[in-house]
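Trainee: Below is the structure I would like to discuss, written out as structure tokens.
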């Protein structure tokens, strides 16, 4: 990584603009080759300072709340899609001012809001989220198709025909999945919801399409989508990935504050928090890569990394280095742009990381720093 990290504030979320452009170029290729649309899912990546760049490649954004929809409308523009497990009556009027595609989680929700929706925005598109009863996700926390899921309507609970005004179906059942999971999803949608496909205008296949991952079969994705569109040429197909847009595009740079020796284990305490600043590491869980480190190797300097909060479990795994660490050393966690900034907290009053961009021209642009008022205003 040819970035002078020693000169950066710490901790910091650092976007690598050139890597973001590489992902966006691939998404442009997929859109053109498959004849579909890809929009940004802001629940996975909402660094709005990059929106002027992203909207050169993607035609819109999708949101999961009033605030995300407003951010998409004000900072991204283009198509603004929204989905919520249940819309709030006291927010819906304002939401109508931002979004133009509304996905409803149940028929009851559609019936409750359809009159207000179409009276206020006659050209708005309304859709229904469905449960395709298939997912490759093995962690229940991220699997919307588990028994008893509250997300989407099962085929057996729908009438023979969709209510008037429903113009699209919305399926979201994947998480960092491959194109073969999408292929199986489409087969399930045809099997369970095929009677509706000739009568809708759009099929939204949600997120989880990790097309920017190195081993992803992009050509199979394109052929799968083209084959499906050949059977239903009237359908507009939309994908709404979040992780794939920001996959491998940036870092969380932190600093070693102390090294504690505990029962034969060297614990390096950082100026960031694993639980507060990268909670997916604990929730998923997964072990992020650290630049210059490997999994533990006998005989090498090995450290367990812990965060700055009082939570006993605020730590990540063990790593080995070629040379011993020192207090003040910078630690660079890789792939920290998606589902990190959108989930940060100020637990324990720990300050949020700075935010910056390493521009493709090879210069650093500082975006934001946080302080006491950011902590206090949330309490």
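Quick note: the coordinates plus some simple rules give every number you see, no bench work behind them. Being a predicted model, the structure only gives us computed values, none of them experimental.
Trainee: Once you keep just the Cα pairs under 8 angstrom separated by 6 or more residues, what percentage relative contact order results for the chain?
Mentor: This gives 19 percent for the chain.
Trainee: Please identify, among 40, 141, 257, the residue showing maximal mean-square fluctuation in a Gaussian network model of the chain using a 10 angstrom Cα cutoff.
Mentor: 141
Trainee: OK, next. Count the DSSP beta bridges whose two residues both fall in the chain, then state the antiparallel fraction as a percent rounded to the nearest 5.
Mentor: Details: 25 of 62 bridges.
Restricted to the chain, the bridges split so that about 40 percent are antiparallel.
Trainee: Based on the Cα atoms of the stretch 155-283, what semi-axes does the equivalent ellipsoid have, where each is the square root of 5 times one gyration tensor eigenvalue, given in whole Å with the largest first? Can you show the working numbers first?
Mentor: Numbers: eigenvalues 375, 57, 32 Å².
So the three semi-axes of the stretch 155-283 are 43, 17, 13 Å.
Trainee: May I ask you to give the average projected area over all directions of the convex hull of the Cα atoms of the stretch 1-133, in nm² rounded to one decimal? Show your work: numbers first, answer last.
Mentor: Working: hull surface 44.3 nm².
So the Cα hull casts an average projection of 11.1 nm².
Trainee: Rg to Rh ratio, the stretch 304-379, alpha-carbon atoms and Kirkwood radius? Don't skip to the answer; put the middle values down first.
Mentor: Numbers: Rg = 15.2 Å, Rh = 15.3 Å.
Using Cα coordinates only, the ratio equals 0.99.
Trainee: Next question. Hey, how many Å between the Cα centroid of the stretch 40-98 and the Cα centroid of the stretch 298-374?
Mentor: Cα centroid to Cα centroid, the span is 28 Å.
Trainee: Would you calculate the convex hull of the Cα atoms in the stretch 3-42 and tell me its volume per residue in Å³? Intermediate results must be reported in sequence, preceding the final value.
Mentor: Working: hull volume 2.6 nm³, N = 40.
With only Cα atoms used, the stretch 3-42 gives 64 Å³ per residue.
Trainee: Now a separate question. Pick out which of 170, 291, 354 has the largest mean-square fluctuation in a Gaussian network model of the chain, springs linking Cα atoms closer than 10 Å.
Mentor: 291
Trainee: Roughly how many Å is it from the Cα centre of the stretch 245-272 to that of the stretch 135-201, as a whole number?
Mentor: 40 Å
Trainee: What is the pair-distance distribution P(r) of the stretch 238-335, computed from all Cα-Cα distances in 10 Å bins starting at 0, with each bin given as a whole percent?
Mentor: 15, 48, 27, 7, 2, 0
Trainee: Separate question: Calculate log10 I(q)/I(0) of the stretch 35-246 for q = 0.12, 0.13, 0.14, 0.15 Å⁻¹, where I(q) comes from the Debye formula with a single equal point scatterer on each Cα and nothing for solvent.
Mentor: Ignoring solvent entirely, the Cα scatterers give -0.59, -0.70, -0.83, -0.96.
Trainee: Continuing with the same structure: Write down the Kirkwood hydrodynamic radius of the chain, to one decimal in angstroms, obtained as one divided by the mean of 1/r over all alpha carbon pairs.
Mentor: Details: mean 1/r = 0.0449 Å⁻¹.
Hydrodynamic radius (Kirkwood, Cα pairs) of the chain is 22.3 Å.
Trainee: Checking a compactness column here: for the stretch 68-123, what do you get for Rg(Cα) / (2.2 N^0.38 Å), N being the number of residues? Before the final figure, lay out the partial values.
Mentor: Working: Rg = 10.8 Å, N = 56, 2.2 N^0.38 = 10.2 Å.
For the stretch 68-123, the normalised Cα radius of gyration is 1.07.
Trainee: For the chain, set up a GNM with springs between Cα atoms under 10 Å and report which of 97, 78, 250 has the largest fluctuation.
Mentor: It is 97.
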